[in-house]
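Q: Can you read through this structure? Questions will come right after.
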Amino acid sequence: MAENKAKNPSQNKGQKGVDAKGLTVSKETDFSEWFTQLIQKAELIEYSPVSGCYILRPTAFHIWEQVQAYLDSLFKADGVKNAYFPLFIPESLLSKESAHVEGFAPEVAWVESGGSSPLHERLAIRPTSETIICETYAKWIRSYKDLPLRLNQWCNVVRWEFKHCTPFLRSREFLWQEGHTVFAKKEEAVEETKTILDLYEDVFRNLYAVPVLKGKKSEAEKFAGAEFTLSVEAFLPNGKAIQGATSHHLGQNFSKAFGISFIDEKQQQQFAYQNSWGISTRSIGVMILMHSDDKGLVLPPKVSSVQVVIVPILFDTSRAAVLKEAQTLVKKLQKKNLSVHLDNREEYTPGWKFNEWEMKGIPVRIELGPKDLEKKQALVVRRDTGEKKAVSLDRLETEIPLLLETIQQSLLEKAEKHLRQSIVAVTTLKEAEKQLEAKKLLFAPWCGKPACEESLKEKTGAKSLNSPLEQSPLKKGQACFACSSAAQSWFYFGKSY
């Protein structure tokens, strides 16, 4: 999916007698164009004058705020504190860890002058902050009593992608959090990488309603400068996988490069062990791609800025009575800590409003007209399934919170079913090629060799995703599915963003 600056047809707002313009392609037949239209018409993204840099509109930024608040509380409960480090990194710092700088060199954006004056040293706009944070940690850490040191920052980063940029999924600037932690003992650091991975899984499942595969990345796919990388991976309805978040064990690679050492309990000088971990606004794109449909965005209730929209059906003779009941309902639902919007605009038809709120993914719509008042009921519509149900007015404040919980769970269960049905075990390359054509996710015995992975990618377009932390035993003499060498572990493979 590449960047597309087509006009947003939703700006041609339909007034009375005019239908709102929806998506002109389906998710199944043209996934890329469907996504491009959806993020504009649902008012998530606006394109900026800088290619690959996007404006997050309020609906999208609210989602990120929910993730930020949720994760921040989990981090702090686990003992992590927030800090902030500079955006600019001197070139001399970025170059200290050779594997790291080699991995990021093609993506670094540089500042070479201030005004009209050349800088004596180029400044990198942070692609990630390991180097500048490590330089600081070397000043702070002297004794084992200073450890563990566990800090996180919420910030933006810039990676000057030269591939096709796609809002949320692959952009030149994005928002994220990056945790940077230091330990006296390796086992403490390794244990934290797993703890953080569990927190990321929690966010995807409980906020985004997206199940993920947790595991260890291959040597070729690990973070530059890390000993190993753990990740959570999602599998989308179009048959492509996507990395959701990562947790890296850096070992002593950075501590040796930057001199992060301490005096241990035995008065011996030791190099520290480090981790880094992060999740970004790419996760919003994962959620959009997983749940949304041909009517537009589908939002899990826990991240939606508006959970319930009330659309009154207004006629001259009953306008006052309908609006009065609608306003009463707003107050009742707000007392249940729900986010409710009353759409009482009179210049738009009810049908146009229905289409607009479906496009924007609002989880529940309540329709209330004069006939409903006579029956002392309202029509409740689920965005995820389209199911409609008449509910008595005196039951709405009880039923709606329960319905929102049901929608959240239903979205997760639907995504879990898709994941289960997509995973196929293969033991030969021929089987793998066949299942990839069918848009499946492979689970295969693999040798782990980078050359084998590169060859597989060239032949099939698929790459390794991760390997489960808890492994099923391999059969005695089990061969690699791709090259027939001895298999080392079970691995997930698939076509991926």
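Q: Which of the residues belonging to the stretch 44-65 are surrounded by fewer than 20 Cβ atoms within 10 Å (Cβ to Cβ), farther than 16 Å from residue 287 by Cβ and in contact (Cβ under 8 Å) with a residue 24 or more places away in the chain?
A: Selection gives 47, 50, 51, 53, 58.
Q: Kindly indicate the residue of the stretch 66-111 that is crowded, with 17+ Cβ neighbours inside 10 Å and of a type in the set (Val, Ile, Thr) and also modelled with the lowest pLDDT among those meeting that condition.
A: Checked the stretch 66-111; the qualifying residue modelled with the lowest pLDDT is 101.
Q: Yes or no: residue 413 part of a helix (DSSP H, G or I), free of Cβ contacts under 8 Å to residues at least 12 places away in the same chain and of a type in the set (D, E, K, R)?
A: Details: part of a helix (DSSP H, G or I): yes; free of Cβ contacts under 8 Å to residues at least 12 places away in the same chain: yes; of a type in the set (D, E, K, R): yes.
Yes.
Q: Anything in the stretch 384-400 that is outside any helix (DSSP H, G or I), within 21 Å of residue 332 (Cα to Cα) and touching a helix residue (DSSP H, G or I) at 6+ places or on another chain (Cβ under 8 Å)? List them, or say none.
A: Across the stretch 384-400, the qualifying residues are 390, 391.
Q: If you don't mind, another one. Take residue 33 and decide whether it is among the acidic types (Asp, Glu) and under 24 Å from residue 204 (Cα atoms). Working first, answer last.
A: Details: among the acidic types (Asp, Glu): yes; under 24 Å from residue 204 (Cα atoms): no.
Taking the combined requirement at face value, the residue does not satisfy it.
Q: Could you tell me which of the residues 434, 439, 463, 457 is basic (Lys, Arg), on the phi < 0 side of the Ramachandran plot and in contact (Cβ under 8 Å) with a residue 12 or more places away in the chain? Before the answer, list the steps.
A: Numbers: 434 fails: in contact (Cβ under 8 Å) with a residue 12 or more places away in the chain; 439 fails: on the phi < 0 side of the Ramachandran plot; 457 fails: in contact (Cβ under 8 Å) with a residue 12 or more places away in the chain.
The match here is 463.
Q: Identify, from the list 31, 35, the residue that is touching a helix residue (DSSP H, G or I) at 6+ places or on another chain (Cβ under 9 Å), at pLDDT below 95 and under 25 Å from residue 290 (Cβ atoms). Explain how you work it out, then say what you get.
A: Details: 35 fails: at pLDDT below 95.
Step by step, each of 31, 35 is checked, and only 31 is touching a helix residue (DSSP H, G or I) at 6+ places or on another chain (Cβ under 9 Å), at pLDDT below 95 and under 25 Å from residue 290 (Cβ atoms).
Q: Among the residues of the stretch 346-376, write down those that are hydrophobic (A, V, I, L, M, F, W, C) and either assigned to a helix (DSSP H, G or I) or in contact with a Gly (Cβ under 9 Å, 6 or more places away or on another chain) (or both). Give the derivation first.
A: Residues of the stretch 346-376 that are hydrophobic (A, V, I, L, M, F, W, C), as a first pass: 352, 354, 357, 359, 362, 364, 366, 368, 373.
Scanning the stretch 346-376 gives 352, 354, 357, 359, 373.
Q: Now a separate question. For the stretch 268-287, which residues satisfy the criterion of being part of a strand (DSSP E or B), out of contact with any His (no Cβ under 6 Å at 6 or more places or on another chain) and among the hydroxyl-bearing types (Ser, Thr, Tyr)? Before you say what the answer is, go through the steps one by one.
A: Within the stretch 268-287, the first condition is being part of a strand (DSSP E or B), and the residues that meet it are 269-271, 273-280.
Subset that is out of contact with any His (no Cβ under 6 Å at 6 or more places or on another chain): 269-271, 273-274, 277-280.
Within the stretch 268-287, 273, 280 qualify.
Q: Moving to a separate point now. What pairs can you find where one residue is in the stretch 200-225 and more than 15 Å from residue 465 (Cβ to Cβ), the other is part of a loop (DSSP other than H, G, I, E, B), and their Cβ atoms are less than 7 Å apart, with a gap of 6+ or different chains?
A: Final answer for the pair search is 205/211; 207/300; 208/300; 209/300; 225/97.
Q: Further, regarding this structure: Name the residue, out of 119, 123, that is of a type in the set (A, V, I, L, M, F, W, C), in a strand (DSSP E or B), loosely packed, with under 15 Cβ neighbours inside 10 Å and at pLDDT 95 or above. Explain how you work it out, then say what you get.
A: Values: 123 fails: loosely packed, with under 15 Cβ neighbours inside 10 Å.
Only one candidate qualifies: 119.
Q: Go over the candidates 233, 265 one by one and state the one that is part of a loop (DSSP other than H, G, I, E, B) and in contact (Cβ under 8 Å) with a residue 60 or more places away in the chain. Spell out the reasoning first.
A: Working: 233 fails: part of a loop (DSSP other than H, G, I, E, B).
Being part of a loop (DSSP other than H, G, I, E, B) and in contact (Cβ under 8 Å) with a residue 60 or more places away in the chain holds for just one of 233, 265, which is 265.
Okay, residues lined up against (1) loosely packed, with under 15 Cβ neighbours inside 10 Å; (2) touching a Leu at 6+ places or on another chain (Cβ under 8 Å); (3) among the small types (Gly, Ala, Ser):
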residue	(1), (2), (3)
318	no, yes, yes
328	yes, no, no
332	no, yes, no
361	no, yes, yes
375	yes, no, no
380	no, yes, no
388	yes, yes, no
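Q: While we're looking at this one, here's another question. Being modelled with pLDDT under 95 and basic (Lys, Arg) is true for just one of 163, 145. Which residue is that?
A: Numbers: 145 fails: modelled with pLDDT under 95.
Only one candidate passes the filter, namely 163.
Q: Out of the stretch 102-118, which residues are touching a residue at least 40 places away in the same chain (Cβ under 8 Å) and hydrophobic (A, V, I, L, M, F, W, C)?
A: Initial filter on the stretch 102-118 (touching a residue at least 40 places away in the same chain (Cβ under 8 Å)): 102-104, 106-109.
Answer for the stretch 102-118, where residues must be touching a residue at least 40 places away in the same chain (Cβ under 8 Å) and hydrophobic (A, V, I, L, M, F, W, C): 104, 108, 109.
Q: Residues being under 20 Å from residue 394 (Cβ atoms) and in a helix (DSSP H, G or I): count how many of those fall in the stretch 304-331.
A: 11
Q: Quick one: in the stretch 202-230, of everything that is part of a helix (DSSP H, G or I) and crowded, with 18+ Cβ neighbours inside 10 Å, which residue is nearest to the chain's Cα centre (by Cα)? Talk me through it step by step, then tell me what you get.
A: In the first step, residues of the stretch 202-230 are kept if they are part of a helix (DSSP H, G or I); the result is 202-206.
Add one more test, that the residue is crowded, with 18+ Cβ neighbours inside 10 Å, and what stays is 203-204.
On the way: 203: 9, 204: 7 Å.
Out of the qualifying residues, it is 204.
The values are calculated or read from the model by the stated rules, or taken from the named source; none is laboratory data. Quick caveat, the model's predicted, so the values are computed rather than measured. So basically every Cβ, Gly included, is an ideal-geometry build from the backbone, and we count neighbours across all protein chains shown.
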